[in-house]
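Working notes, beginning with the structure itself.
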Amino acid sequence: MWRSLCAVLVALLACLFGLLTFLVDPWITDPPRHHQVDVRTATDYAVTADQTGKLPVLLLMTEAVNAAMVTHALLVADAARPFFQVHLASFGGAYAKLLEESGFAYHVLSPVWTEEQTAAIYAVDQFESFSSPYTKEVLQEQISSSLQLYSKIAPSAVVAFFVLSASISARIARLPLFVDMSMTRETSTDPRAIAVSMPDSGVVAKLGLRTPLSHMASWLMKRLNFITPAFEAVAREWNITGIHLVWDLMEGDYTVISDIPSWAGVDAAALPPQVTYVGPLYGKLKKDIPKEVLQLRERATSEKQPLVWFAMGSSGQPPLVLATLRELLKQQPKWFIVAPVHALLAKLKINASDASAKAEAGLDSPQLYIPPELLPSQKVEPLCDLALTHGGQGTVHTSMCSGVPFVGVGMMPEQDLNIRLAVNKGRRAARGTHFIADIAPFFCTLLLPHTCGKPLAWGILGALAFGAARFLLWLKHIC
């Protein structure tokens, strides 16, 4: 019997060790602060920047499956217009239309992401799955398509907004690679930041496990490499080394952080020389405010009810988004709500433009407006009294700049951290809760005059205004 138990225990330990070595590289003793890539690819593939035009060419590559990455690219494109010939490129996605309509030269690379691959990207990003859509075949096609574009337009530099294959393709072409990140590698893996992202209530907090678990998570995060084997294999084919950890894919020759160091609690002077903070980049779509929003604002004012901004970005979890919206309508049927979640509901096969489909989903309310497309949040949110958001970095910055108090429902550790930073800095934003029934009562506390968020918003407005401009200054300096 004891032999059997020992055999089972050994088998379990072997399985756990196998899972550990699949997710991370446990043999790394001193994880790097910033990656160093060694490129020994034949110079035959090097691209010489086009010097014939009046302005150098700048290529912005973005993942159009993510709204934030697209809006970041458009902000930098607008700032760069006077100094570069700006080209945009993506592998397609739900938000590619914004790139097509931007007025800049736009290139669709191949292969175009399918709906299944897009879902897999989000699942991996939120640690809901370890099945990566970045197979060796996909990467080879992406790199081939990218190299053809580089050869065609001869850019002076490549700026990647979560286009992971650019970590290889730009190096093959010997082009300077700039990468946009929301926070540094060190901040993302700092045990203090991880501890802050954990809930205040619950078993972990009550048992005092926050600190040990955060240190354990930090050790694991610093060594993550579960999606990199395909990248390493392809990089080796091109005689490129230095790409091993997940963080190596998310950094470039120059890594730009779209945040404020003092806000994130970072000493900018201690950063590696390849890393710089440029300030926030949050969506500023060039659209008019829909008449439906203005009508809701007028009705809310006349009926003395709040107008709520319900924003879950493009990474919100559709089932949770639907359940939260239903609960809000149930608890506060007189409140008015603007909810740009059409694309998220579509993932649940709910057509929010169809009245019968909305009714069947439990969203039938004359006080609810679900626009068919993204809204100019920088114009709409200031009209609202309260906001309920997923805690994405750009969404939090928009709320701060709009002067709107918000409740955050974080759906991944990074979002929980963004929410907590807002709470700690200004105490004007409510801490997110995963108990859906508690959200409406939380909102009621925010309606009190002394919880208004405008003083905090005014205090950081200047820092929020210049993210794209600072990004451009660094680009011009390097290029």
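Quick grid of which residues meet (1) farther than 29 Å from residue 101 by Cβ; (2) touching a Leu at 6+ places or on another chain (Cβ under 8 Å); (3) not charged (D, E, K, R):
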site: 332; (1), (2), (3): yes, no, yes
site: 337; (1), (2), (3): no, yes, yes
site: 350; (1), (2), (3): no, yes, yes
site: 354; (1), (2), (3): no, no, no
site: 362; (1), (2), (3): yes, yes, yes
site: 376; (1), (2), (3): no, yes, yes
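Pairs meeting the criteria (first residue in segment 337-361 and on the phi > 0 side of the Ramachandran plot, second residue surrounded by 12 or more Cβ atoms within 10 Å (Cβ to Cβ) and of a type outside the set (Val, Ile, Thr), beta carbons under 9 Å, at least 6 apart or on different chains) are 349/357. Quickly run through segment 325-347 and pick out the residues that are closer than 26 Å to residue 376 by Cβ and more than 21 Å from the chain's Cα centre (by Cα). Once the filter is applied, which keeps residues that are closer than 26 Å to residue 376 by Cβ and more than 21 Å from the chain's Cα centre (by Cα), segment 325-347 yields 325, 328, 329, 332, 335, 336, 337, 338. Of all residue pairs spaced 6 or more apart or on separate chains, those with beta-carbon atoms under 8 Å, a first member in segment 299-319 that is at pLDDT below 90 and a second member that is among the charged types (D, E, K, R) are 315/125; 318/347. The set of residues from segment 347-393 being closer than 18 Å to residue 423 by Cβ and either charged (D, E, K, R) or in contact with a His (Cβ under 9 Å, 6 or more places away or on another chain) (or both) is empty. Residues in segment 243-268 that are within 24 Å of residue 121 (Cα to Cα) and hydrophobic (A, V, I, L, M, F, W, C) were compared, and the one that is surrounded by the fewest Cβ atoms within 10 Å (Cβ to Cβ) is 250. Tell me, yes or no, whether segment 173-183 has at least one residue that is assigned to a helix (DSSP H, G or I) and in the same structural domain as residue 50 (by TED's automatic domain parsing). No: zero hits.
Residue by residue, here is whether (1) modelled with pLDDT under 85; (2) crowded, with 18+ Cβ neighbours inside 10 Å; (3) farther than 23 Å from residue 313 by Cβ holds:
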residue	(1), (2), (3)
55	no, no, yes
68	no, yes, no
101	no, no, no
108	no, no, yes
115	no, no, no
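Among the candidates 384, 401, which residue alone is under 11 Å from residue 309 (Cα atoms), of a type outside the set (Val, Ile, Thr) and either in contact (Cβ under 8 Å) with a residue 12 or more places away in the chain or assigned by TED's automatic domain parsing to the domain that holds residue 119 (or both)? First the steps, then the outcome.
Numbers: 401 fails: under 11 Å from residue 309 (Cα atoms).
Within the list 384, 401, the selection yields 384.
Taking segment 117-153 as the range and being more than 19 Å from residue 251 (Cα to Cα), of a type outside the set (Ser, Thr, Tyr) and modelled with pLDDT of 95 or more as the test, the residues that pass are 136, 137, 138, 140, 141, 147, 148, 149, 152, 153. Restricted to segment 28-67, and to residues there that are in a loop (DSSP other than H, G, I, E, B) and acidic (Asp, Glu), the residue that is nearest to residue 102 (Cα to Cα) is 63.
If the requirement is being touching a Lys or Arg at 6+ places or on another chain (Cβ under 9 Å) and under 30 Å from residue 45 (Cα atoms), which of these qualifies: 177, 164, 147, 139? Answer to the check: 177. Exactly one residue among 79, 89 is of a type in the set (Gly, Ala, Ser) and modelled with pLDDT under 95, and that residue is 79. Where helices (runs of 4 or more DSSP H) sit wholly within segment 244-327, those with at least 1 residues that are over 29 Å from residue 28 (Cβ atoms) and not assigned by TED's automatic domain parsing to the domain that holds residue 94 occupy 291-302. The listed residues are 237, 186, and the only one of them that is at pLDDT 85 or above, surrounded by fewer than 17 Cβ atoms within 10 Å (Cβ to Cβ) and assigned by TED's automatic domain parsing to the domain that holds residue 64 turns out to be 237.
The values are calculated or read from the model by the stated rules, or taken from the named source; none is laboratory data. Worth saying up front: this structure is predicted, and the values here are computed from it rather than measured. Because the Cβ atoms are built from the backbone with ideal geometry, glycine has one as well, and the counts that use them run over all protein chains shown.
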